[in-house]
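Before any comments, here is the structure.
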Amino acid sequence: MAVLPMEMYFNNYVNMTENIPVIKGPGEGTMCLAVVAQVKEIRENVGMADFGGLTQEIRLDLIEEPQVNDWVLVHTGFAIQRIDENEAHEIMKIMAEITEINEAS
């Protein structure tokens with residue numbers, strides 16, 4: 001199964017409102033989530049992160065000793081947790097599966 005570029009996921013299933021990703025669902029409620037990104041550049045406590053082709057500025061205040069190429073979970077514009085590369089790819093695979101399910105319905 002191919003992993004969809006993150007911008008396709010964002011465009012089809014996520015509203016980006018004030019840098020908060022919100023899943024669009026068939027019900028009345030919505031759900032905030034953390035999104036996988038890779039840190040590409042660091043300037044003090046601010047990083048540029050790659051969200052699968054979408055580059056966005058994120059805050060790194062909550063990550064101890066962030067490094068370029070770290071994989072992180074980002075919520076409301078803040079990197080909230082460092083994850084390993086295998087976990088990052090597994091999460092992106094799951095998000096692609098969710099996208100396929102949503103497209104089929």
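The values are calculated or read from the model by the stated rules, or taken from the named source; none is laboratory data. Computed from a prediction, not measured in an experiment: that's the story for all the values here. Neighbour counts are summed over all protein chains in view; Cβ atoms, including those assigned to glycine, are modelled from backbone coordinates with ideal geometry.
Values as computed for the structure displayed
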{"quantity": "Cβ pairs under 7 Å, 6+ apart, first in the range 74-98 and surrounded by 14 or more Cβ atoms within 10 Å (Cβ to Cβ), second assigned to a helix (DSSP H, G or I) and modelled with pLDDT under 90", "calculated": "Met95/Tyr9"}
{"quantity": "Residues (under 11 Å from the mean Cα position of the chain (by Cα) and hydrophobic (A, V, I, L, M, F, W, C)) located in the range 42-57", "calculated": "Ala49, Phe51, Leu54"}
{"quantity": "Top-ranked residue in the range 52-67 [being outside any strand (DSSP E or B) and touching a Gly at 6+ places or on another chain (Cβ under 8 Å); ranked as surrounded by the fewest Cβ atoms within 10 Å (Cβ to Cβ)]", "calculated": "Pro66"}
{"quantity": "Enumeration of residues in the range 41-51 that are in a strand (DSSP E or B) and free of Cβ contacts under 8 Å to residues at least 12 places away in the same chain", "calculated": "Arg43, Met48"}
